[in-house]
Amino acid sequence: HFWIGGNRLKRFEEWRWVSDGQRIEFFDFYKLQPNQDTSLCIVLWHPFKYDWADEPCTSSYGYICKI
């Protein structure tokens with residue numbers, strides 16, 4: 001699993017990129033994702049073929065940086 005730098009500050013708010021605060025306009029969430037109101041950060045999820053999933057921001061994963 002890898003963090004990709006997308007999050008939201010509160011449930012039901014727009015997803016934004018942490019790096020610049022821009023609203024995320026493209027989504028690649030796995031079916032039935034996002035699924036938890038308390039999960040406010042986006043990860044690439046291995047079991048979902050690296051589609052996106054929401055996770056608690058306190059989870060410990062690697063990350064992918066934009067180059």
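The values are calculated or read from the model by the stated rules, or taken from the named source; none is laboratory data. Just so it is clear, the structure is predicted and the values come from calculations on it, not from any experiment. Positions of Cβ are backbone-derived with ideal geometry, glycine not excepted, and every protein chain shown enters the neighbour counts.
For region 16-33, a residue qualifies if it is over 18 Å from CYS65 (Cβ atoms) and crowded, with 16+ Cβ neighbours inside 10 Å, and the qualifying residues are PHE29, TYR30, GLN33. It is to be established whether one or more residues within region 12-33 are among the charged types (D, E, K, R) and at pLDDT below 90. There is no residue in region 12-33 that is among the charged types (D, E, K, R) and at pLDDT below 90. Taken over region 43-61, residues that are assigned to a loop (DSSP other than H, G, I, E, B) and in contact with a strand residue (DSSP E or B) (Cβ under 6 Å, 6 or more places away or on another chain) amount to 3. For residues in region 20-42 being hydrophobic (A, V, I, L, M, F, W, C) and part of a loop (DSSP other than H, G, I, E, B), which is nearest to THR58 (Cα to Cα)? Applying the filter and picking the extreme gives LEU40.
Of the residues making up region 34-67, just one is surrounded by 11 or more Cβ atoms within 10 Å (Cβ to Cβ), among the hydroxyl-bearing types (Ser, Thr, Tyr) and within 13 Å of GLU13 (Cα to Cα), namely SER39.
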